[in-house]
Amino acid sequence: MQASQVFWQLTPDPAPAPVAAEGPLPAATAVAVVGGGLTGLSAALTLAERAVPVLVLESGALADGASGRNGGQVLTGFNVGIRDLVRHLGPDTARELWRQSVAAVDRVAEWVERYRIPCDFVRHGNLQLADSPATLDDFAAEREALAAAGVPAELLDREETSRRLGSRFYVGALYDPLAGGINPYRFALGLAAAAQAAGAVLRAHTPVTAVEGRGPFVLHTPAGRVRAETVLLAANAFAGALDPFLARRIRRLEASIMATAPMPEALAARVLPGRETAFDNTARLRYFQRTADGRLVFGGRVHDAARRAAARQLSRALADVFPEARTLGAAYLWSGPIALSRDGLPHLGRTPSGLYYAAGYSGHGVALATWLGAQAAQWILAGTADWPPWTALAFPVWTADERRSAPALVAERP
Ligand SMILES: Cc1cc2nc3c(=O)[nH]c(=O)nc-3n(C[C@H](O)[C@H](O)[C@H](O)COP(=O)(O)OP(=O)(O)OC[C@H]3O[C@@H](n4cnc5c(N)ncnc54)[C@H](O)[C@@H]3O)c2cc1C
């Protein structure tokens, strides 16, 4: 097992040229973006393409937060099913949100192509796996609600599921043909390079320690201060450290994930030959995809665990589905920060002190962070008071009791 190495960051080898993100801080900018993950980089790209001066301030290395450390599943929808959304937000808002989530995956595909980003993006769909007939019945109802919203999805029986998956562990699946898989780190770096080429200034290893003012703002960093007309907080799980409004609405959870050694030929011939991504809704919350070099990137409900324990728990969850994979082990093991909102939805809005934010993807943000970063940029450009439907959504507060208890990966329904 390699020491805390993120598989996505080490492949392909050799890596493309790094994006330059060093140098003196400009004294002023039109828009300062706090956070260099998918949200921040997508916003910076969108603003720079419209010739708006934009500065990204990232406390660590670019894309080394959740954006470079996730499962690489480019999913439609949210960490909440469409029926829940219809029930709580009404059919019009629910369908509009879902439409945007599909547009989010389209946007990823479009940018991969437009900027020629080498990130192994394949759009072969996602299998949402059912471990019981009752769950499959539930998926059937979800499929109908998706169809009513104009979203195609297919219910697969046990035979078809095991043929695609290479395992008889599940009783069926809900297949979403619009989803895909990606090396999320390479994708994020591709956005960074495109943003920089369009004129954005990127500064890594530059933490924002405080934001003062109500517009214009002054951002404090160890490298100096920057004055900005507008600020976008794109710090996701960490956004609460800079703003009390977000501190009460977003909880951070550290989740472990691994990449196995390459599968032996016989196993590789059977497991996900069509390269769909996959996840289940069981207590273990397994999610996995097959990589271009025949590994499985595999994550689950393993939080804040020591490395050895995390490797053991993930390997056990993997072996339930693919017993022969037990010996593959965790060739790479890492963790990343998940930003949980109480309703499981991401939120785009402005804090009482006037800071724009987009955050709270609740483990479902590769496509949505790319999308909401761009939406935030478009809202800033539009200069309007509201940005429907996002700003019409309530952003619920975690209660003090909930904040004290251990968070679950799937947040409560709205
Ligand atoms: C283990 C794991 C697996 C996941 N799997 C999937 C998946 O398969 N599919 C999916 O759709 N989603 C998945 N997600 C969620 C997805 O990765 C995130 O929703 C998405 O990357 C969020 O992007 P972001 O840019 O908002 O946040 P981040 O990528 O976390 O970026 C925020 C950045 O802000 C920086 N920052 C924080 N504070 C400051 C500060 N004060 N000053 C400057 N910079 C600061 C951080 O260093 C960080 O780089 C997963 C997440 C994890 C952790």
Does ALA310 fit the bill of being of a type outside the set (D, E, K, R) and under 18 Å from the mean Cα position of the chain (by Cα)? no
When every residue in region 378-410 that is at pLDDT 95 or above and not in a loop (DSSP other than H, G, I, E, B) is compared, the one farthest from ARG50 (Cα to Cα) is ALA392
Please specify each residue of region 23-36 satisfying the condition of being within 13 Å of the ligand (Cβ to nearest atom) and of a type in the set (Val, Ile, Thr). VAL33, VAL34
Scan (1) away from the ligand (no atom under 13 Å from the Cβ); (2) surrounded by fewer than 23 Cβ atoms within 10 Å (Cβ to Cβ); (3) touching a residue at least 40 places away in the same chain (Cβ under 8 Å); (4) under 18 Å from PRO346 (Cα atoms) for the single condition TYR115 breaks and write down its number. (4)
For region 239-295 the number of residues that are aromatic (Phe, Trp, Tyr) and either within 14 Å of ALA325 (Cα to Cα) or at pLDDT below 95 (or both) is 1
Somewhere in region 81-100, is a residue among the aromatic types (Phe, Trp, Tyr) and within 13 Å of the ligand (Cβ to nearest atom)? no
Only listed residue being part of a strand (DSSP E or B), within 30 Å of ARG295 (Cβ to Cβ) and in contact with a Leu (Cβ under 9 Å, 6 or more places away or on another chain), chosen from LEU219, LEU253: LEU253
Could you check how many residues of region 42-74 are basic (Lys, Arg) and within 6 Å of the ligand (Cβ to nearest atom)? 1
Search result, residues across region 51-84 that are surrounded by 19 or more Cβ atoms within 10 Å (Cβ to Cβ), more than 19 Å from ALA193 (Cα to Cα) and out of contact with any Gly (no Cβ under 9 Å at 6 or more places or on another chain): THR76, GLY77, GLY81, ILE82
Take region 227-245 and flag every residue that is within 23 Å of ASP64 (Cα to Cα), more than 10 Å from the ligand (Cβ to nearest atom) and either part of a strand (DSSP E or B) or under 20 Å from the mean Cα position of the chain (by Cα) (or both). VAL231, LEU232
Looking only at region 300-319, decide whether some residue is part of a loop (DSSP other than H, G, I, E, B), touching a residue at least 60 places away in the same chain (Cβ under 8 Å), within 11 Å of the ligand (Cβ to nearest atom) and not acidic (Asp, Glu). no
Residue hits (region 356-377; outside any strand (DSSP E or B), of a type outside the set (A, V, I, L, M, F, W, C) and more than 8 Å from the ligand (Cβ to nearest atom)) are GLY360, THR370, GLN375
Only residues that are touching a residue at least 60 places away in the same chain (Cβ under 8 Å), among the acidic types (Asp, Glu) and part of a loop (DSSP other than H, G, I, E, B): list them for region 8-63, please. GLU22, GLU58
Given (1) closer than 20 Å to VAL52 by Cα; (2) within 13 Å of the ligand (Cβ to nearest atom); (3) over 18 Å from the mean Cα position of the chain (by Cα), index of the condition PRO222 fails: (1)
Only one of (1) touching a residue at least 40 places away in the same chain (Cβ under 8 Å); (2) within 23 Å of GLY65 (Cα to Cα); (3) surrounded by fewer than 19 Cβ atoms within 10 Å (Cβ to Cβ); (4) aliphatic (A, V, I, L, M) does not apply to ALA141, and that is (2)
Can you go through THR11, THR39 and tell me which one is near the ligand (Cβ under 10 Å from one of its atoms), within 30 Å of ARG307 (Cβ to Cβ) and hydroxyl-bearing (Ser, Thr, Tyr)? THR39
Suppose the filter is among the basic types (Lys, Arg), out of contact with any Asp or Glu (no Cβ under 6 Å at 6 or more places or on another chain), more than 14 Å from ALA259 (Cβ to Cβ) and within 16 Å of the ligand (Cβ to nearest atom); does ARG295 pass it? no
List the pairs whose first member sits in region 329-340 and is under 12 Å from GLY65 (Cβ atoms), whose second member is among the acidic types (Asp, Glu), and whose Cβ atoms are under 8 Å apart, counting only residues at least 6 apart or on separate chains? SER335/GLU254; GLY336/GLU254; PRO337/GLU254; ILE338/GLU254
Which residues, taken from region 193-218, are closer than 17 Å to THR370 by Cα and either within 11 Å of the ligand (Cβ to nearest atom) or of a type in the set (S, T, N, Q) (or both)? GLN196
So, in region 211-266, how many residues would count as being free of Cβ contacts under 8 Å to residues at least 24 places away in the same chain and crowded, with 23+ Cβ neighbours inside 10 Å? 0
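The values are calculated or read from the model by the stated rules, or taken from the named source; none is laboratory data. Quick caveat, the model's predicted, so the values are computed rather than measured. Glycine gets a Cβ as well: all are built from the backbone with ideal geometry, and neighbour counts include every protein chain shown.
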